[in-house]
Amino acid sequence: NNWGTGQATGDILCLLNDDTEIITPDWLEKLVARVSLDGVGAVGSMMYYPDDTIQHAGVVLGLKGIAGHVFRGAPRGSTGYAGRACLEQDLSCVTAGCMAVRKEAYLGIGGMDESFAVAFNDVDFCIRLRAAGWRIIWTPVVELYHCESVSVGRHNAPERAQTFSTEVDKIRKLWGPVLDFDPNYNVNLSLSEPFSLAFPPRQTDRTEMTVLDRDGTTAITRSYSTF
């Protein structure tokens, strides 16, 4: 992705897995329309497994420890908690399995962190994108099938266990406070079971994020309340 971005001549990139099948005929036009809105840096789509159950309807940071796809396994057409599986919305993270990104934003935060070889490169990318002031939108009007991990294998396969464990530790060390308090997920909701009540409610905190540019110098530091 980083190499391809350097070769691209357009203003908008589309990161797309090679194990996907397009459902929406004008999918690219719809992604471009949304990523062209003022302040939007990236847009993600609705993705289904081949059996018409939801694979990706947005990501909640901190879910199941690091980050989790919400409504995974729900039947296609499900509305989800408070309609969130069928409503366009701002989120903290979307999958790079199908993501439209402004080239300006991609380059501005230094692209993907290539040290994440197995998992979490899109989570890290989205956290840095938001820290740099960009919005991230998820839309259900762009639909794809995703035969997850068909081409490269599962990230948690036994032969990758050590690498995956190392990357879990790495992203937790980098973004622990951000992972624990996703500003787009209410602190009264659980990180163990998505959209169930947390008891007691999780505490709010203040988070400071520093984004480095390609030369390793500080580009932006942003502090905000994670309520």
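Roughly to the nearest percent, how much of the accessible area of segment 34-147 is carbon and sulfur, given a 1.4 Å probe? It would help to have the intermediate numbers written out before the result.
Values: 1920 of 3690 Å².
It is 52 percent, rounded to a whole number.
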Mean 1/r over distinct Cα pairs of segment 2-122, inverted to a Kirkwood Rh in Å, yields 15.4
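Sorted by accessible area with a 1.4 angstrom probe, largest first, how do 69, 146 fall? Mind dumping the intermediate values first?
Numbers: 69 50, 146 10 Å².
So the residues, ranked largest to smallest area, are 69, 146.
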Would you calculate the separation in nanometres between label points at residue 38 and residue 74, each defined as 7 Å from the Cα along the Cα-to-beta-carbon direction?
3.2
Percent of alpha-carbon pairs separated by more than 18 Å within segment 1-60
47
Counting only residues 5 or more apart in sequence or on a different chain, those whose built amide H sits under 5 Å from that of residue 139 are 44, 45, 46
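Magnitude of the Cβ-charge dipole of segment 1-110, K/R +1 and D/E -1, about the Cα centre, nearest 20 debye?
On the way: 8 positive and 12 negative charges, 71 e Å.
That gives segment 1-110 a dipole magnitude of about 340 debye.
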Equivalent-ellipsoid semi-axes (√(5λ), Cα gyration tensor) for segment 99-147, whole Å, largest first?
20, 16, 9
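Express the accessible area of segment 30-122 per residue in Å², computed with a 1.4 Å probe while the remaining protein chains stay in the model. Mind dumping the intermediate values first?
Details: 3300 Å² over 93 residues.
Per residue, segment 30-122 has 35 Å² of solvent-accessible surface.
The values are calculated or read from the model by the stated rules, or taken from the named source; none is laboratory data. The structure displayed is predicted, hence computed values, not measured ones. We place every Cβ from the backbone using ideal geometry, glycine too, and count neighbours over all the protein chains shown. Side chains are part of the model used for accessible areas, which takes the heavy atoms of the whole protein and leaves out ligands, DNA and RNA. Shrake-Rupley method; radii C 1.70, N 1.55, O 1.52, S 1.80 Å.
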